[in-house]
Amino acid sequence: MRIVALAGGIGGARFLRGLLAVTPSSEITVIGNTGDDISLYGLRVCPDLDTVMYTLGGGINEEQGWGRQKESYVVKEELAAYGVEPQWFGLGDRDFATHIVRTQMIDAGYPLSAVTEALCARWEPGVRLIPMSDDRTETHVVISDEQGRRAVHFQEWWVRLRASVPAEQIILVGADEAKPAPGVLQAIADADVVILPPSNPVVSIGTILQIKGIREALEAKTVVGVSPIVGGAPVRGMADACLTAIGVDTTAQAVLELYGSPLMDGWLVAEEDAGTALDGVLVEARPLIMHDVESAGAIAQAALDLATEIA
Ligand code: GDP
Ligand code: FO1
Ligand code: CA
């Protein structure tokens, strides 16, 4: 079976690990979010691509959900000793190597999709991981604080401010010009089923859907999603602050309506959210917490079963 999945970071990666466990013989293409990407100290950092790559490749820090296991922070300490900013983003020594290789290749003229393929040759994630676009896009967040009304990079709002300042607007800078990366639209066209894992509906899935042509390509396919919202709250992280910014309630129902029909054909919600409904969408309630690979696999299997029921 040919499966396409869109993915952000932790929620996407943990779901994909479960999906791989239950369908080892499927051909899985993952379209990764690059709206979170940021340049720091001259290096290009792609947190969501790296989270998927490290999680599926066995290098992730399991407790944290991002960054490398057995990590040290000597370079970060040395940069801080020089007073280099920003100091609110925690790049570890092992992780730095990934960003150095990526930046070298980009500076040599390789597109991000080729760079990602090269990095994945080491990690062997078991899926084909393609960035949503080779064109640079960045999510920026408009906030008002003591410095006035201004836009900050998504990572500054998320990591430094912990989304404590309300987002007045969330903008994907560069979205109008960005084209899907090579292979993205073809993978969707060839897919038997498309899955939306429980990733952030605004700054992960919502970002990928903004790239020209992707939503339209998906509308022609059987698309099944897993709700990242359980019982009116995100399972982890601050997706509620992102949803509030775009005027959407933090419920499984509102996220389904945000994705909408004709995009969606199936939607998995948690048992406490039974009753969620939208015309043209088959909704099923079941346990949706990914405690481990096994429980993530059960959710992935349920998504595949739902797709079979629809097709
Ligand atoms: P990020 O880029 O690291 O923030 O990760 P994603 O965008 O891929 O996923 C973040 C979303 O995953 C959050 O909105 C969480 O609510 C959701 N999430 C995390 N763990 C779980 C889980 O065990 N079950 C469900 N249903 N959602 C989860
Ligand atoms: N998240 C944090 O909360 N604090 C950090 O210092 C941090 C560093 C970091 C470094 C590399 C990487 O790939 C991810 C990192 N993250 C960190 C996670 C990441 O910024 C966010 O969780 C996602 O981008 C939000 O969707
Ligand atoms: Ca992310």
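Put simply, of Ile170, Ile143 the only residue that is more than 21 Å from the chain's Cα centre (by Cα), buried (at least 17 other Cβ atoms within 10 Å of the Cβ), not in a helix (DSSP H, G or I) and not charged (D, E, K, R) is Ile143.
Applying the set (1) buried (at least 17 other Cβ atoms within 10 Å of the Cβ); (2) in contact with a Lys or Arg (Cβ under 9 Å, 6 or more places away or on another chain) to Gly266 leaves exactly one unmet item: (2).
Between Ala151, Ala189, Ala175, which is touching a residue at least 24 places away in the same chain (Cβ under 8 Å) and either outside any helix (DSSP H, G or I) or among the polar types (S, T, N, Q) (or both)? The match here is Ala175.
Restricting the first member to the range 1-25 and to residues that are under 18 Å from Asp37 (Cβ atoms) and among the basic types (Lys, Arg), and the second to residues that are more than 15 Å from ligand 1 (Cβ to nearest atom) and modelled with pLDDT of 95 or more, no beta-carbon pair is closer than 9 Å while six or more apart or on different chains. Scanning the range 191-232 for residues that are near ligand 1 (Cβ under 8 Å from one of its atoms) and touching an Asp or Glu at 6+ places or on another chain (Cβ under 9 Å) yields a total of 6. One residue stands out in the range 8-57 among those that are in a strand (DSSP E or B), within 18 Å of Gly225 (Cβ to Cβ) and within 16 Å of ligand 3 (Cβ to nearest atom): the one that is nearest to the chain's Cα centre (by Cα), namely Gly32. Looking at Ala5, Ala80, just one residue is part of a strand (DSSP E or B) and either out of contact with any helix residue (DSSP H, G or I) (no Cβ under 9 Å at 6 or more places or on another chain) or within 16 Å of ligand 1 (Cβ to nearest atom) (or both), and that residue is Ala5. Flag set for Val293, criterion: away from ligand 3 (no atom under 16 Å from the Cβ), surrounded by fewer than 16 Cβ atoms within 10 Å (Cβ to Cβ) and in contact (Cβ under 8 Å) with a residue 12 or more places away in the chain. Just to verify a result, which residue in the range 34-51, among those that are of a type in the set (S, T, N, Q) and within 16 Å of ligand 1 (Cβ to nearest atom), is surrounded by the fewest Cβ atoms within 10 Å (Cβ to Cβ)? My answer is Thr51.
Of the residues making up the range 47-70, at least one is acidic (Asp, Glu) and within 10 Å of ligand 2 (Cβ to nearest atom). You will find that of Arg128, Arg102, Arg122, the residue that is under 17 Å from Asp48 (Cβ atoms), in contact (Cβ under 8 Å) with a residue 24 or more places away in the chain and surrounded by fewer than 17 Cβ atoms within 10 Å (Cβ to Cβ) is Arg128 and no other.
Consider the range 278-311. How many of its residues are more than 17 Å from Ile229 (Cα to Cα) and among the β-branched types (Val, Ile, Thr)? The number of residues fulfilling the criteria is 4. Evaluate the following for Met264: is it closer than 29 Å to Ser133 by Cα, near ligand 1 (Cβ under 10 Å from one of its atoms) and of a type outside the set (S, T, N, Q)? Considered against the rule, which asks whether it is closer than 29 Å to Ser133 by Cα, near ligand 1 (Cβ under 10 Å from one of its atoms) and of a type outside the set (S, T, N, Q), Met264 comes out as no.
The values are calculated or read from the model by the stated rules, or taken from the named source; none is laboratory data. All figures in this text were calculated on a predicted structure; none of them were measured in a lab. Virtual Cβ from ideal backbone geometry, glycine too; neighbours counted across all protein chains shown.
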